[in-house]
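The structure appears below as C-alpha cells.
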Amino acid sequence: MHAFEQYDPDSYSIIFNAIPISGFAEDDFIDIELDSEGYQDQIGADGHVVRYKSCDQRATVTFTLMATSPSNKLLSAMYNADIKSPNGLGVGPLFIRDTRGVTVFAGTQAWIQKMPKSTLGQKMNNKEWKIRVAKLEAFIG
C-alpha cells in the first residue's frame, strides 16, 4: 500500500521581526520570488559560453492577509516606526516554515518594502504586504 501526501495551508508558520503573522486570505497567501537566477551565462563573439554564479540572494516575499487580520496593525506600526526613525527600526529576521514538512525560507535582514494598497468598497479587500529580504535561504521539501 502506498502512502499519500497531504497538504494543509494552516501548517505554514510566518514570523517576521518577532511578530507571528496570522489571518491569511483565502487562495494564494504567500508568494516568494528571488530577484536573480542562481547562475547566469554569457556568450563571447566566438560562441564560447561562460557560466557564472550570482551572489544576489535578494527576494520579495508577499503575504496576503484578510483586512481584519490583527497582523495588519502590528505591521503598520512596524513600518511607521521604521520610516520615522533615523536608522530604521524595521529590519529583522523573517522565518517561514511548513510545520508538517521540511520547507523553510529564512533571512536575517528583512523589512517592509511599502504599505499595502488600500481599496475601500462594499466588501473588505485583502492586504498584500511586500517584505524585502537581503539574503534569502530556501529549502523546498
Which of Thr62, Gln40, Pro86, positive extreme of dipole for the chain (C-beta unit charges): Pro86
Please give the charge dipole size of the chain, origin at the Cα centre, charges +1 on K and R Cβ atoms and -1 on D and E Cβ atoms. Round to the nearest 20 debye. 700
Mind grabbing the accessible area of Arg100 for me, 1.4 Å probe, Å², rounded to tens? 140
Is the C-alpha gyration tensor of region 81-141 telling us rounded, prolate or oblate? Criteria: a/c under 1.5 is rounded; beyond that, a/b larger than b/c is prolate, otherwise oblate. oblate
For region 114-127, Karplus couplings with θ = phi - 60° (6.51, -1.76, 1.60), whole Hz, Gly/Pro x: 6, 5, x, 5, 10, 10, 10, x, 5, 9, 6, 9, 6, 10
Too long at a 31 Å Cα-Cα cut-off: which of Lys53/Lys130; Lys53/Lys117; Lys73/Lys135? Lys53/Lys117
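Order the following by accessible area, largest value first: Ser118, Ser36. Probe radius 1.4 Å; ligands, DNA and RNA are ignored.
Largest accessible area first, the residues go Ser118, Ser36.
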Enter the angle in degrees (range 0 to 90, nearest 10) between the Cα long axis of helix 71-84 and the first principal axis of the Cα atoms of the chain, meaning the one along which they spread out most. 70
Counting just the Cα atoms, what span does region 21-62 cover along each of its three principal axes? Round to the nearest Å and put the largest first. 56, 19, 9
Percent of Cα-Cα pairs per 10 Å bin, from 0 to the last occupied bin, for the chain, please list those. 10, 35, 29, 16, 8, 2, 0
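The values are calculated or read from the model by the stated rules, or taken from the named source; none is laboratory data. Note that the coordinates shown come from a computational prediction; the quantities given were computed from them, not determined experimentally. Virtual Cβ from ideal backbone geometry, glycine too; neighbours counted across all protein chains shown. Calculation scope for accessible area: heavy atoms of the full protein, side chains included, ligands and nucleic acids excluded. Shrake-Rupley method; radii C 1.70, N 1.55, O 1.52, S 1.80 Å.
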